1. Between Ile199, Ile55, Ile34, where does the largest GNM mean-square fluctuation fall for the chain, given springs only between Cα atoms within less than 10 Å?
2. Identify which of His277, His368, His112 has the largest mean-square fluctuation in a Gaussian network model of the chain, with springs joining Cα atoms closer than 10 Å.
3. Check which residues have an amide H placed less than 5 Å from Asp339's amide H, if you skip close sequence neighbours.
4. Over the chain, with a Gaussian network built from C-alpha contacts below 10 Å, which listed residue (Ser253, Ser140, Ser14) shows the highest mean-square fluctuation?
5. Tell me the angle of helix 283-295 to the major Cα principal axis of the chain, expressed in degrees between 0 and 90 and rounded to the nearest ten.
6. How do Ser248, Ser51 stack up against each other in accessible area, from largest to smallest, with a 1.4 angstrom probe?
7. At a probe radius of 1.4 Å, what is the per-residue accessible area of Thr70, in Å² to the nearest 10?
8. Does anyone have the angle between helix 166-189 and the longest principal axis of the chain? Alpha-carbon axes, 0 to 90°, nearest 10?
Amino acid sequence: MTAPLEGLRVLDVSTLFAGPIAATLLGDFGADVIKVEHPRKPDAARGHGPSKDGINLWWKTLGRNKRTATIDLGAPEGADLLLRLAADADVLIENFRPGTLERWGLGPDVLHAANPRLVVARVTAFGQTGPYASRPGFGSLAEAMSGFAALTGQPDGPPTLPPFGLADGVAALATAYAVLVALRGADRTERGQVVDLAIIEPILSLLGGQITAYDQLGLLQPRSGNRSVNNAPRNVYRTADDAWVAVSTSSQSIAERVIRLVGRPDLVAEPWFATGHTRAQHADELDAAVAAWIAERPAADVVAAFEDAQAAVAPVYDVRGVLADPQYRAIGTVLEVEDDELGPMKMQNVLFRLSETPGAVRWTGRRHGQDTDAVLAEAGVTREQLDLLRAKGIV
């Protein structure tokens, strides 16, 4: 079967997470992704997280399905090489501070002169315009500015940032979506365009109707820990064997099943139980009922009882639970692939399943500059020219 994005060429000249993850998502479904890094300054993501035998493990996932080439884009000869690659590409993803590409002679006007159909995705913390555009920034700042951190954490505790690149991951999904939308536009108009994606925006778009509620009612959503302001009971609860389970009651029918299961049908009869919003106002009472019932039973019995009652529950896992869970196994969420440096290794599979044109992990993250010779040869660079460029430090 042909992968759905086969034939699409993507130049990934971005670093760290939002841009590179977007390129990975495209590569997972067949795009030919060329990861371009500085010859002497590899993507900093290669140094994030644990390593084995001196080999970075996070890169094996982030860099999968990408060919790797090195070019010093800040040098005129390096900029020329990128233009030659761009002439035969469909997408370029970058995340330099606004004005950097222009300073190197690689602004969108120059790129589109070389390839009018090119989609140029510019992924930055704050966008290409505005008073913050030139500031350095990372996903943590987006998690703070978007309102996410203000909502996260216990009511009497500080705003809380997530322990992973949440805003970057959300921005990566938005970037991949934007790229495909822009490519669809290019199919119709024969013209590429610029995608201006600010990392502070996609995570904000997921925070519900808070802007409208504040605009219309002056409401501010408070920190509520693991509880929800929209329904109850909704929390994590400790079991008799010292495990944790999460319970959610976003629908009225599930809420009724949970409370009947834990032996409190009297609460279901209360007038305030009729809506999620009013249930949330009685979260203390509902939590006490659910917590007491769960605390008397081991986790396996809790999950089994909830399943019999068709109520919503899930164990709170760390990665060990994920790897052992039969549902994740059944749908193939975790994949074992062969790495040419470390042998068999497990990682997340492609993001979703397609019945006719599925994605695949064709290879894991490759070594810095591993494919430079082949990639530049495809752009017409001869062996002699490549040797000279390497001697100058351009590649």
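The values are calculated or read from the model by the stated rules, or taken from the named source; none is laboratory data. Just so we're clear, the structure is a prediction, and the values are computed from it rather than from any experiment. Reconstructed Cβ throughout: ideal geometry from the backbone, glycine too, with neighbour counts over all protein chains shown. Protein only, heavy atoms only, side chains kept; ligands, DNA and RNA dropped before computing areas. Shrake-Rupley method; radii C 1.70, N 1.55, O 1.52, S 1.80 Å.
1. Answer for the Gaussian network model of the chain: Ile55.
2. Largest GNM mean-square fluctuation: His277.
3. Sorted by chain and number, the residues that satisfy this are Met345.
4. Ser253
5. So the inclination is approximately 90 degrees.
6. Heavy-atom accessible area, descending, gives Ser51, Ser248.
7. 10 Å²
8. The two axes meet at around 60 degrees.
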